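Working notes for the structure below.
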Amino acid sequence: MGSLASERTVVGWAARDATGHLSPYTYTVRQTGSEDVVVKVLYCGICHTDIHQAKNHLGASKYPMVPGHEVVGEVVEVGPEVTKHSVGDVVGVGVIVGCCRECRPCKANIEQYCNKRIWSYNDVYTDGRPTQGGFASTMVVDQKFVVKIPAGLAPEQAAPLLCAGVTVYSPLKHFGLTAPGLRGGILGLGGVGHMGVKVAKAMGHHVTVISSSSKKRAEAMDHLGADAYLVSSDADAMAAAADSLDYIIDTVPVHHPMEPYLALLKLDGKHVLLGVIGEPLSFVSPMVMLGRKSITGSFIGSVDEAEEVLKFCVDKGLTSQIEVVKMGYVNEALERLERNDVRYRFVVDVAGSNIEEAAAEAPSN
Ligand SMILES: NC(=O)C1=CN([C@@H]2O[C@H](COP(=O)(O)OP(=O)(O)OC[C@H]3O[C@@H](n4cnc5c(N)ncnc54)[C@H](OP(=O)(O)O)[C@@H]3O)[C@@H](O)[C@H]2O)C=CC1
Ligand SMILES: O=C/C=C/c1ccc(O)c(O)c1
Ligand SMILES: [Zn+2]
Ligand SMILES: [Zn+2]
């Protein structure tokens, strides 16, 4: 361990099949390349995408799979050409760990849209090895995809910003939805949605949460600072809110009708799809024509935007609302996330879970 010449043994928690159940898994990662940063994982958030991937909702999952893409860790080694980071830095890693660097998105520093992007897990790295994510003792990551966690943010608080936070920040910026006074809707108040409320409020927007139940009403209004709360099955309240929103950030992770939400948008309103849904969504064309509305989507954010959202949160005093758990609780946490029972993001205390020692004592896999 620790030598530039030797392979590095890592313990992670992997899904072995589409049950999505995670258990300890020992594997090796590449030698530290010249531009690689070796990250000792401290914390890793649990995103709903981890469920989609671990349970093969998209039909492309490969096992064993160590999920986790909201990673905060400490730099323990750097390759000789690394200039961005030093040993001891607290850093973050998100969804993407590689790109071609030559295509239009790469040249425009929106490398998340590179068609040759390499995902932080359930993908294959340039050396032919499977990529494995942050529910693990260590990750080796090219410096380009490693961001510094600014002073003033606790590492466990920073973890959800690396996916949930940047995923809402990026479309608000890209679609010109940052001006104070805009009226925004956040559809689905989970990990991504709660960051949507916080970021949009910090931009000075009037924020309406649109939820499947009234269970989160008090928390949304009193703790997250939402201005209004709609239950999507309340037809009268939905009708009263028609034609009132400049945008909707849609984080629902399952198939849902579009028309009740399109009706909430004003002229030129934008419906931004963020949820990963493998079935066709539908609407009739007048729903968008008679109001020049747009239905669009957005995928995480760039490395630059990840750095920006981290700074934005420090500057605005924003934190994520998290429940910190140990790795031994990860399967319960995944089940609770799937049944919509978390306020609002689980973060696994990886370093505090002694996963290497626990795996050494367990029967080998
Ligand atoms: N585009 C991108 O780059 C990214 C996409 N994602 C995707 O966004 C989606 C949301 O992720 P995340 O916020 O982590 O997920 P969460 O599970 O934390 O939140 C989803 C929310 O959607 C609402 N919801 C409505 N119906 C359901 C249902 N049947 N099951 C579960 N939730 C439901 C719930 O809010 P309520 O109780 O208010 O109804 C729930 O809290 C996922 O599909 C994820 O893969 C995530 C990150 C980045
Ligand atoms: O959570 C981050 C990843 C989101 C994501 C978006 C689209 C897609 O096809 C995925 O597999 C994941
Ligand atoms: Zn995510
Ligand atoms: Zn590219």
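Could you check which residue among Asp36, Asp349, Asp236 shows the biggest mean-square fluctuation in a GNM of the chain with a 10 Å Cα cutoff?
Highest fluctuation among the options: Asp236.
Between segment 48-83 and segment 87-150, what's the alpha-carbon centroid distance in Å?
Segment 48-83 and segment 87-150 have Cα centres spaced 9 Å from each other.
In whole percent, what relative contact order does segment 61-184 give with Cα contacts below 8 Å and a gap of six or more residues?
RCO, segment 61-184: 29 percent.
Given a 1.4 Å probe, how much area per residue of segment 3-117 is accessible, in Å²?
42 Å²
What list of ³J(HN,Hα) couplings, whole Hz, do you get for segment 120-135 from phi and the Karplus terms 6.51, -1.76, 1.60, once you set θ to phi - 60° and write x for glycine and proline?
5, 8, 6, 8, 10, 7, 4, 8, x, 7, x, 7, 9, x, x, 7
Give or take rounding to whole Å, what are the principal axis extents of the alpha carbon atoms in the chain, in descending order?
65, 42, 37
What net charge do the residues around Arg8 carry, taking every other residue with its C-beta under 10 Å from that of Arg8, with Lys and Arg at +1 and Asp and Glu at -1?
Summing Lys and Arg as +1 and Asp and Glu as -1 gives -1.
Mind giving me the nanometre distance, one decimal, between the label points for Glu356 and Thr26, set 7 Å out from Cα along Cα→Cβ?
1.2 nm
Would you please put 223-230, 82-89 in order of how densely packed they are, using the mean number of other Cβ atoms within 10 angstrom per residue and starting with the highest?
Descending packing order for the listed peptides: 223-230, 82-89.
Please list, or write none, the lysines whose alpha carbon is within less than 22 Å of the alpha carbon of Lys215, excluding same-chain residues fewer than 8 places away.
Lys215 reaches Lys198, Lys201.
Amide H neighbours of Thr138 under 5 Å, counting only residues 5+ apart in sequence or on other chains, H built in-plane at 1.01 Å?
Val11, Val41
Note down the nm distance, to one decimal, between modelled labels 7 Å out along Cα→Cβ at Ser233 and at Cys103.
It is 4.2 nm.
Per residue of segment 17-25, in order, report the coupling 6.51 cos²θ - 1.76 cosθ + 1.60 (Karplus, θ = phi - 60°) as ³J(HN,Hα) in whole Hz, putting x for Gly and Pro.
Couplings: 6, 6, 5, x, 6, 9, 8, x, 8 Hz.
Pull up the DSSP beta bridges for the chain and report the antiparallel fraction as a percent, rounded to 5. Walk me through the numbers on the way to the answer.
Values: 36 of 62 bridges.
Antiparallel bridges make up about 60 percent of those DSSP assigns within the chain.
Show the residues, 5+ positions off or on another chain, whose built amide H is closer than 5 Å to the amide H of Ile248.
Counting only residues 5 or more places away or on other chains, the set is Gly185, Lys270, His271, Val272.
For n ≥ 4 DSSP H runs only, could you compute -39500 (n - 2.57) per run for the chain, divide by its residues and tell me the 222 nm figure to the nearest 500?
Details: 12 runs with 88 residues, N = 365.
Mean residue ellipticity at 222 nm (helix-derived): -6000 deg cm²/dmol.
I need to check one value: relative contact order of the chain, counting alpha carbon pairs closer than 8 Å and at least 6 residues apart, in percent.
It rounds to 18 percent for the chain.
Specify the residue with the greatest mean-square fluctuation among Pro160, Pro67, Pro105, computed from a Gaussian network of the chain linking alpha-carbon atoms under 10 Å apart.
Checking each option, the largest mean-square fluctuation is seen for Pro105.
Counting other Cβ atoms within 10 Å, keep those with at most 14, restrict to DSSP loop, and tell me which trypsin sites (Lys or Arg not before Pro) in segment 171-277 are left.
Filter output for segment 171-277: Lys215.
Per residue, how much accessible surface does segment 167-297 expose to a 1.4 Å probe? Answer in Å², no decimals.
42 Å²
Which of the helices in the chain meet the span-like rule: DSSP H, Cα axial reach of 18 Å or more, Kyte-Doolittle mean at least -1.0?
Those that pass (Cα extent of 18 Å or more, hydropathy at least -1.0) are 303-316.
Could you pull out every residue, at least 5 positions away or on a different chain, whose amide H is within less than 5 Å of the one on His206? Hs are placed 1.01 Å off N in the peptide plane, and Pro or chain starts have none.
Gly181, Leu182, Arg183, Gly184
Which lysines, on any chain, are close to Lys326 with Cα under 18 Å apart, when same-chain ones fewer than 8 places away are left out?
Counting by Cα, and skipping residues close in sequence, Lys326 has these lysines nearby: Lys40.
Which FRET efficiency, nearest 0.05, do Leu267 and Ser34 yield, Cβ-Cβ r, R0 56 Å?
The pair Leu267/Ser34 has a calculated efficiency of 0.60.
Counting GluC sites (Glu not before Pro) as exposed when in a DSSP loop with at most 10 other beta carbons within 10 Å, what is the longest stretch of the chain free of them?
Result, exposed sites excluded: 103-365.
Whenever you get a sec, compute what percent of the accessible area on segment 167-297 sits on carbon and sulfur atoms (1.4 Å probe).
Numbers: 3110 of 5520 Å².
Heavy-atom surface of segment 167-297 belonging to carbon and sulfur, 1.4 Å probe: 56 percent.
Mind jotting down a quarter of the surface of the convex hull over the alpha carbons of segment 306-365, in square nanometres, one decimal?
Numbers: hull surface 23.9 nm².
Orientation-averaged projected area of the Cα hull: 6.0 nm².
Per residue of segment 70-86, in order, report the coupling 6.51 cos²θ - 1.76 cosθ + 1.60 (Karplus, θ = phi - 60°) as ³J(HN,Hα) in whole Hz, putting x for Gly and Pro.
10, 9, 10, x, 10, 6, 10, 6, 10, x, x, 9, 6, 10, 7, 9, 10
Between Pro257, Pro280, Pro171, which gets the highest mean-square fluctuation from a Gaussian network model of the chain, Cα cutoff 10 Å?
Pro280
The values are calculated or read from the model by the stated rules, or taken from the named source; none is laboratory data. The structure presented is a predicted model; accordingly, all values stated were derived computationally and were not measured. Here Cβ is always computed from backbone atoms with ideal geometry, including for glycine, and neighbour counts include all displayed protein chains. For accessibility, only protein heavy atoms count, side chains too; no ligands or nucleic acids. Shrake-Rupley method; radii C 1.70, N 1.55, O 1.52, S 1.80 Å.
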